2 protein chains.
Amino acid sequence: MAFPGYGAAPGGVAQQDPLYGYFSAVAGQDGQISADELQSCLTHSGISGSYKPFSLETCRLMISMLDRDMSNSLGFAEFKDLWQVLNGWKMTFASYDRDRSGTVEGQELQHAVASMGYNLSPQTMNIIMKRFSSLGRITFDDFVSCCVKLRALTDQFQRRDTTRNGNASFQYDDFIQVTMAI
Amino acid sequence: MAFPGYGAAPGGVAQQDPLYGYFSAVAGQDGQISADELQSCLTHSGISGSYKPFSLETCRLMISMLDRDMSNSLGFAEFKDLWQVLNGWKMTFASYDRDRSGTVEGQELQHAVASMGYNLSPQTMNIIMKRFSSLGRITFDDFVSCCVKLRALTDQFQRRDTTRNGNASFQYDDFIQVTMAI
């Protein structure tokens, strides 16, 4: 017989979280979700709203950004972090997509990136804009893919820029590991 | 009246090239193809053979790898270079996909990468393998995406490793430019 009022079942707190429903519906017994499970989970959660669901490629990027244990999958805590970050990006994207067309212009991506505090040259901004757009427009999926990469690469750079002078040195293997993972 | 036998029409040499048919069918008047045109062009050319056609994301990567003038599109000369490189990768992939399932295993990707001369640690190999596989298998599209990134990033690294000691230094803006472009 269980003793009501004493403690909580394992995962009890998580189970009260509305997000846990989306997560547990796809997570295997190991409590982790892979890129394709994340794609299905985010699609069902409706986080993309009226925007197209996330591509598998973007879901893989999301996992690389948050996957601290290099398992190539996310636990529930990491999934919750991701959810929060995605909602912030969605609000930013929506604030530029004023006509609700589902896409923003290249110039608007540049403003959004600058508004997030990234200090980049016009040339770099231009390259990013071209890289993530199709026929000059950027979808929400492209935008999130851009934000994920920018955040993860900046984070990796800063870890190596120990003197905080905007310069970092990489060994070849380390460079490939950091940049291929994203 | 034209003088037969004197010179060639502009683009005459290219027009005799069987590849030019695939290229010109999608290239605009500027003689350049964008990522979505490249996707259509490669699909029609049948280069993927029995493999799934390339994703738009992989086509974007191919363009970043070869796009020397930062136009985000390819001219015919760059397209021919790409064609040659892709055929090499297809042969490599096919040599590992012995059962013609259309996918190879993670371990086989590692062997393929090593056979191309990349000297990477087991940890980096493992990260690459996980990043480019779905449920432990790698499609031809994933494989090409991996090869494109590895080649372009190694090339960028080597340009900055001026003393050839396997170490390169990056300013933040340069690091983001190089890594976000790929």
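Condition check: of a type in the set (Ser, Thr, Tyr) and within 15 Å of residue B:52 (Cβ to Cβ). Does residue B:139 satisfy that?
yes
Counting just the residues of region B:80-126 that are exposed (fewer than 13 other Cβ atoms within 10 Å of the Cβ) and hydroxyl-bearing (Ser, Thr, Tyr), which one comes out farthest from the chain's Cα centre (by Cα)?
B:101
Restricting attention to region A:164-182, does a residue exist that is more than 9 Å from chain B (Cβ to nearest Cβ) and within 19 Å of the chain's Cα centre (by Cα)?
no
Please list, ordered by residue number, the strands (runs of 3 or more DSSP E) wholly in region B:80-182 having 1 or more residues that are in contact (Cβ under 8 Å) with a residue 40 or more places away in the chain.
Output list reads B:137-139.
Inside region B:30-67, can you point out the residues that are assigned to a helix (DSSP H, G or I), more than 20 Å from residue B:153 (Cα to Cα) and of a type in the set (Val, Ile, Thr)?
Scanning region B:30-67 gives a single hit, B:43.
What number of residues within region A:127-153 are facing chain B (nearest Cβ under 7 Å), within 18 Å of the chain's Cα centre (by Cα) and not charged (D, E, K, R)?
Within region A:127-153, residues that are facing chain B (nearest Cβ under 7 Å), within 18 Å of the chain's Cα centre (by Cα) and not charged (D, E, K, R) number 3.
Among the numbered conditions (1) closer than 18 Å to residue B:68 by Cα; (2) under 20 Å from the mean Cα position of the chain (by Cα); (3) not aromatic (Phe, Trp, Tyr), tell me where residue B:160 comes up short.
Answer for residue B:160: the failing condition is (2).
So, in region A:25-43, exactly how many residues are under 21 Å from residue A:88 (Cα atoms) and out of contact with any helix residue (DSSP H, G or I) (no Cβ under 6 Å at 6 or more places or on another chain)?
Of the residues in that region, 2 qualify.
Considering region A:33-66 alone, what residues qualify as being among the polar types (S, T, N, Q), within 14 Å of another protein chain (Cβ to nearest Cβ) and free of Cβ contacts under 8 Å to residues at least 24 places away in the same chain?
Passing the criteria: A:39, A:40.
Which condition does residue A:70 not pass, out of (1) away from chain B (no Cβ under 12 Å); (2) of a type outside the set (Val, Ile, Thr); (3) not in a helix (DSSP H, G or I), if it passes all the others?
That leaves (1) as the condition not met.
No value in this document is a laboratory result; all are computed from the given coordinates. All values derive from a computational prediction rather than experimental measurement. Because the Cβ atoms are built from the backbone with ideal geometry, glycine has one as well, and the counts that use them run over all protein chains shown.
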